[in-house]
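Please treat every number below as a calculation from the coordinates, not as lab data. What you are looking at is a predicted structure, and each value in this text was computed from that prediction instead of being measured. Methodologically, a virtual Cβ is constructed for each residue, glycine included, from the backbone with ideal geometry; neighbour enumeration extends over all protein chains shown.
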Amino acid sequence: MHIVFASSECTPWAKTGGLADVVGSLPRALVQLGHRVSVFLPYYRQVAKAVPSAPVVLPSVTIPFPSYNRFVRILDGGLKEGVQHYFVDCPEMFDRESFYGTPSGDYWDNAERFGLFSRAVIEASKVIGVPDVFHVHDWQAAMLAVLLRSTYYFDPVLAPVPVVLTIHNAGYQGWFPPRTMETLLLPWEMFTFEALEQDDTLNFLKGGIVYADAITTVSKKYAEEIQTAEFGNGLDGLLRMRSGDLFGILNGVDYAEWDPAVDPHIAAHYTAEKLDGKKECRRDVLHAFGLESVAEETAVIGVVSRFATQKGFDFIVEIMERLVQEDMVLVILGNGEEYYERLLTEMAAEHPEKVRVQVKYDNVIAHKIEAGSDMFLMPSRYEPCGLNQIYSLKYGTIPVVRATGGLDDTIDEQPAGGGTGFKFWGYDSEAFLDAILRALGTFQNKGEWTQMMKRGMAQDFSWDKPAVEYARVYQRAIENRN
Ligand code: ADP
Ligand code: GLC
């Protein structure tokens with residue numbers, strides 16, 4: 001099968017979160033199953049810096065707008081471990097400081113940017129090779145499904161090609177003003193509640209859900225959750241209607257990148273059989289946060305995250321005064337919403353012996369925290385899958401998580417010990433504190449703690465199984481379409 005991926009993020013070139021990790025690694029697993037995969041990514045400034053002289057595949061693809069055309073180039077991003085990459089080059093859209101916007105808000109023309117991206121992937125595929133299935137990710141590529149089943153409806157080569165949409169996060173849907181219909185040359189008849197309209201906006205993700213042949217999301221639990229009002233963000237009714245075509249497939253992770261036995265970013269390598277190296281990693285991460293004098297028996301608690309309401313930082317803020325009374329230090333890496341950047345920086349300034357924050361995006365520090373911490377916090381309000389808790393398991397760093405979405409599916413707490421981490425339910429900072437205190441209590445018992453680490457390290461969340469599940473969904477979509 002030939003599968004074309006369209007995504008706004010892909011490691012190693014463009015990443016703000018887990019979407020990039022998934023699009024950077026799932027295709028490789030599909031190739032190993034014998035499929036052919038091409039991945040399309042916008043040629044952002046950051047990508048151009050990394051791959052400045054990508055060969056031109058198509059010198060000019062016309063993307064029409066109401067009173068003008070834009071012309072994009074398709075560049076060859078190269079074949080990496082069997083996966084072909086293409087970049088969509090349109091400097092006026094993508095040669096910018098960041099991918100989606102600045103701290104003061106999203107770029108005003110994101111509908112045009114990602115509408116153009118989707119259309120460019122369709123046009124390029126018609127020339128380079130029509131796939132058996134399109135696999136599009138999140139709202140940024142969802143317009144591809146809408147275009148195929150509207151503007152491109154009568155195209156004989158595209159008619160039999162199904163689209164699979166993966167929802168990585170239903171909290172971001174791409175809402176735009178109604179006039180965007182005209183910008184993207186979409187027929188007004190589609191601006192209805194049954195199709196693209198929601199609360200008088202054009203909703204990209206909704207369009208994707210309506211027109212995709214199959215929809216997947218990134219854990220079984222989240223697939224159930226988004227069909228409820230609490231997690232569906234206004235799309236739960238539609239998702240219930242489409243529940244026969246909705247599949248929860250838990251993300252895999254890339255153990256070539258996230259494994260303490262081979263990780264090039266950490267101070268020492270270690271395995272479940274030979275854990276000594278983790279001590280060196282602990283020293284290293286404490287050094288990176290200027291906490292060299294922390295005692296041996298003090299627990300190191302790590303956080304790596306986008307600073308967003310989704311991630312439950314208000315819970316961390318609420319319990320801080322109580323947490324700093326415990327024998328622990330908290331090291332936080334993250335960036336995002338200014339509100340949390342300021343709040344967490346202030347808290348660190350109040351407790352410099354106990355809490356340190358680095359406000360930035362830094363892949364190396366992220367690896368160091370995974371390796372050097374004893375515990376890892378993810379109190380997310382919702383979490384479609386979550387990758388950091390899965391990385392933590394591999395690094396013998398015990399996750400303390402809120403039991404939601406993929407966090408609930410991947411972490412197991414047993415009342416009498418025997419699990420792989422600690423969980424709490426409800427929107428309740430007391431319950432969160434309680435889970436941390438349970439973890440700190442178990443941490444005192446080195447034997448029990450080490451057993452828990454080893455159980456986590458033995459878990460296998462590689463892509464082998466999920467890739468087979470995706471292939472099944474593609475096959476089903478192809479059969480249904482024909
Ligand atoms: P989400 O996609 O919602 O942000 P995930 O847990 O799926 O959450 O994935 C987050 C990914 O982004 C992980 O690979 C994590 O290490 C990385 N990450 C998040 N914030 C940072 C940061 N500030 N610096 C480096 N890596 C980060
Ligand atoms: C999203 C989700 C996260 C998930 C990631 C990759 O950003 O917030 O939970 O792991 O996508 O699917």
Roughly speaking, what is the stretch gain from E230 to Y339, that is 0.36 nm per residue apart minus the C-alpha to C-alpha distance, in nm to one decimal?
36.8 nm
Modelled label reach - T192, point 7 Å along Cα→Cβ, region 205-227 residues with backbone N closer than 16 Å
207, 210-211
Which shape class applies to the chain: rounded if a/c is under 1.5, otherwise prolate when a/b exceeds b/c and oblate if not, where a ≥ b ≥ c are the square roots of the Cα gyration tensor eigenvalues?
prolate
Pairs of Cα atoms under 8 Å, at least six residues apart: use those to get the relative contact order of the chain, whole percent.
13 percent
Residue-wise HN-Hα coupling along region 258-270, computed from phi with Karplus coefficients 6.51, -1.76, 1.60 (Hz; x: Gly, Pro):
10, 8, x, 6, 9, 4, x, 8, 9, 5, 8, 8, 7
Please list, by residue number, everything in region 299-314 whose backbone N is under 20 Å from a paramagnetic label point 7 Å out along Cα→Cβ of E97.
306-308
So for the chain: antiparallel DSSP bridges make up what percent, rounded to the nearest 5?
30 percent
Run through every distinct alpha carbon pair of region 276-457 and return the Kirkwood hydrodynamic radius in angstroms, one decimal place.
16.0 Å
Can you give the FRET efficiency to the nearest 0.05 for A256 and D199, using r as the Cβ-Cβ distance and R₀ = 41 Å?
0.40
Round to a whole angstrom and tell me the spacing of the C-alpha centers of region 438-482 and region 334-413.
18 Å
Could you let me know the centre-to-centre spacing of region 249-323 and region 119-140, using Cα atoms, in angstrom?
38 Å
Pairs over 18 Å Cα to Cα, from K15/K49; K368/K446; K221/K423; K80/K360, come to K368/K446; K80/K360
Taking r as the C-beta separation of A159 and T62 and R0 as 30 Å, the FRET efficiency to the nearest 0.05 is 0.90
Once the Cα atoms of region 350-452 are picked out, what are the Rg and Dmax in Å?
13.6, 39
Over the chain: helical MRE at 222 nm, DSSP H runs n ≥ 4 each giving -39500 (n - 2.57), nearest 500
-11500 deg cm²/dmol
For V130, project a label point 7 Å along Cα to C-beta. Then give me every residue of region 459-482 with its amide nitrogen under 20 Å of that point.
474-482
